[in-house]
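Right, one structure below, let's go through it.
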Amino acid sequence: MTTRHAAALAFLLAAVPAAASAQAAADDAGARLLFETRLRSETVDQQGFLDRAHALTLRTRLGWRSPTARGLQLLIEGEGVTVLDDRYSAPVDPVPGRPAVADGETLELNRAQVRWTGLPKTEVTLGRQRLVVGNSRFVGNVGWRQNEQTFDAIRLATTALKPVTLTYVFADRVQRPLGHEHPQGVWRGDIHLLQAEADTAVGRLSGFGLTIDLDNAPAQSSTTVGVRLAGSRPMTGDLSATWAGEYAAQSDNGSNPADYSLDFQAAAIGVQTPRWSAGLGYERFDGDGVSGFQTPLGTGHGFLGWSDVITTTPAFGVRDLFARGQVSVPMLGRTARLTAEAHAFHDADGAFALGRELDLSAVLPIDRRWSVELKAAHFEGEHPAFGDADKGWLILEYRY
């Protein structure tokens, strides 16, 4: 372990009690100290590579949120990722013969925003900020990665038109998880999002329009219009039925060299109790043989399995049939959350198989701030474009 790595670990151990002490004082003044850290070991064994990859990374965020005065609130937060074991191909530091892990060393300004609530039932946020819209499929912070995705944007949200909630976002820069030193680590251009949401008798209904016109990534420029309905209903005792349905249409936009018009469909049904849940789902990303339906600003991890083998939609599209279950069980005096998923991937038309995947995880809270997670993904490829892959993670996380 290098001196730099030892210093990073020492900082983590010293910062936790310091954060707790500062937080108590800040709360009395109406302010809030922001502190969280995540130590993660990630192992990748992937077909086509001579060696396994191992990444041991430490992510730390430290910031401050001011008290609200005259409707104004300031927030500033820095983020640093330290690499403790670099036996992997990082975004800007590839290692021949080893699989890639998209967590590189970085130190950057994560958030710097001003929030204004001076208008009734309305909130305006300006600056570098975290955006998680809906289920984060189309616009999200990619929170699974150590370096999260943030946006230089203005966001307007209002509930003044009840029962409808309206949200408008304009962004001109995207700070991507690859890091600012990567050629594609920062996207620049014009991004507009308008979303409307309302509760109905059959669930939460939301509709959105998203236009992306990127100067330095024209192939990701698109216009997408979509609608989503998700709800639940009690059945008997503490058992409830759950459902969700989603549809979106996408076409090229701006300087995108491609010419396409594609769609996306998703549906899921399930049952749940306070202790467990189970469900079946279907997702279909269209492809026309040249282009595939993409979600370049969304959080991809968790939708098409956890292995992230299928990170972008191929030209022939993707169809995913999956089953998912979760249960809470007593463990070591705490309540652990166990999750399992099984996926079967085909092309969009179902003509040929792409692969199968099994995902397992266990999350155990140590106390209200610390938690540990053990997670694994096994992908078995059935198409030349997608080889076998096994990934495992051990995560220790602290949130203040």
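The values are calculated or read from the model by the stated rules, or taken from the named source; none is laboratory data. Worth saying up front: this structure is predicted, and the values here are computed from it rather than measured. Positions of Cβ are generated from backbone atoms using ideal geometry, with glycine treated the same way; all protein chains shown enter the neighbour counts. Ligands, DNA and RNA are stripped out before the accessible areas are found, and what is left, the full protein with its side chains, is counted by its heavy atoms. Shrake-Rupley method; radii C 1.70, N 1.55, O 1.52, S 1.80 Å.
Just a few scattered comments:
- Counting only residues at least eight positions apart within a chain, or on another chain, the lysines with an alpha carbon under 20 Å from that of residue 162 are 121.
- Using every pair of distinct Cα positions in the range 53-131, the Kirkwood expression returns a hydrodynamic radius of 14.9 angstrom.
- Computed FRET value (nearest 0.05) for residue 87 with residue 328, which takes r as the C-beta separation and R₀ as 45 Å: 0.80
- In the set (1) 24.7; (2) 38.0; (3) 21.3, the label that goes with mean projected area of the Cα convex hull in nm² computed for this structure is (3).
- Distance histogram in 5 Å bins (all Cα pairs of the range 169-248, percent per bin): 3, 13, 16, 15, 12, 12, 10, 8, 5, 4, 1
- All Cα pairs of the range 305-346, percent lying beyond 12 Å: 70
- The range 82-101 and the range 370-400: distance between their alpha carbon centers, rounded to Å: 16
- Averaged per residue, the chain has 47 square angstrom of accessible surface, using a 1.4 angstrom probe with ligands and nucleic acids left out.
- Sorted peptide list for 204-215, 292-303, criterion being average Cβ within 10 angstrom, highest first: 292-303, 204-215
- GNM result for the chain, Cα springs below 10 Å: residue of 161, 109, 39 fluctuating most strongly: 161
- Our note on the geometry: Cα centres of the range 274-336 and the range 228-255, 14 Å apart.
- Scattering curve values for the range 255-370, log₁₀ I(q)/I(0), Debye with Cα scatterers, q = 0.14, 0.19, 0.20 Å⁻¹: -0.68, -1.01, -1.08
- Pairwise FRET efficiency - residue 50 versus residue 233, Cβ, R0 = 45 Å, nearest 0.05: 0.30
- Carbon/sulfur fraction of accessible area - the chain, other protein chains in place, 1.4 Å, %: 60
- Using θ = phi - 60° in the Karplus curve 6.51 cos²θ - 1.76 cosθ + 1.60, the 3J(HN,Hα) couplings for the range 390-397 round to 10, 10, x, 9, 10, 10, 10, 10 Hz; x is entered for Gly and Pro.
- With the simple spin-label model, which puts each label point 7 Å out from Cα in the Cβ direction, the residue 126 to residue 159 separation comes to 2.5 nm.
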